[in-house]
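Sharing a structure, written as structure tokens. Questions coming.
We did not get these values from a lab; they are worked out from the coordinates using the rules stated. Predicted model, so just to flag it, every value in this text is computed and none were measured. Cβ coordinates were reconstructed from backbone atoms using ideal geometry, including for glycine residues, and neighbour counts include every protein chain displayed.
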Amino acid sequence: MDRKFISTLFVLFFITTSTAFAEGWDDIGDLDRAWDGQKTITNKEFEQVMEHLESKKKKAEEKKKRKRAKKISGGGTSLHSELNPDKNINIITKLKPEKEEGILINIPVVLYVEEKPLEKGYYNVFAERSDDKKIYIKFYQSQYFKGKVEATETDDDFSEENVDFARIVEYNNSFVKIIFGCIDFNAYAYIPYSE
């Protein structure tokens, strides 16, 4: 009797599940008409939606930029309109500064420049080409002009690592050699000295 009961249950289970699966397959027939109720979108409408989304993105970026500027400037507006955080700051870089500082060198001996003694110490050295195409190396201490020497232009870079350089090099017992280099030219001059 147990076998009859189990087999009856099995047959009933099979009949109920097969009818449930059959009902599910009937709904798949409407698949051909699934997109019938949807609206078609034109290119213009699509572009409008994309522009709207991009404008939201731009607003978010501007808000971020204002927050960064607020962190840097303190957030308030300044009395000077050019310092307000809303204003874009343009970075201008130049190859050469307006006012050159010169190249600082240490002169360990007394040099004779224009037949005047140039005492030991630190000097700012500038070189420039005159109207008659000669190169002069000028010596300054602070803002005071101390003298100038005519120099000879050369293509030799004196094995220096930097483009802008100036150095005193020992030449012999009565002269030192000053070498100078900049972006425009390289030059040297022999200057008499004493200990």
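Once you sort the root eigenvalues of the Cα gyration tensor of the range 100-182 as a ≥ b ≥ c, which label holds: rounded (a/c under 1.5), prolate (a/b larger than b/c) or oblate (the other case)?
In terms of gyration-tensor shape, rounded.
Now, a different point. Add +1 for every Lys or Arg and -1 for every Asp or Glu among the other residues with Cβ under 12 Å from the Cβ of residue 10, and state the total.
With Lys, Arg at +1 and Asp, Glu at -1, the net is +2.
Filter the GluC sites (Glu not before Pro) in the range 101-175 to those in DSSP coil with at most 15 other Cβ atoms within 10 Å of their Cβ, and list the result.
101, 114, 115, 119, 160, 161
Using a 10 Å cut-off on Cβ atoms, rank the peptides 176-187, 43-54 from the highest mean neighbour count down.
Working: 176-187: 18.3, 43-54: 9.7.
Packing order, densest peptide first, comes out as 176-187, 43-54.
Sort 105-112, 2-9 for me by packing, meaning the mean count of neighbouring Cβ atoms within 10 Å per residue, highest on top.
Output ranking for 105-112, 2-9: 105-112, 2-9.
Among residues other than residue 55 whose Cβ falls under 11 Å from its Cβ, what is the net charge (Lys/Arg +1, Asp/Glu -1)? Don't skip to the answer; put the middle values down first.
Details: positive: 56, 57, 58, 59; negative: 51, 54, 61, 62.
Counting the neighbours of residue 55, the net charge comes to 0.
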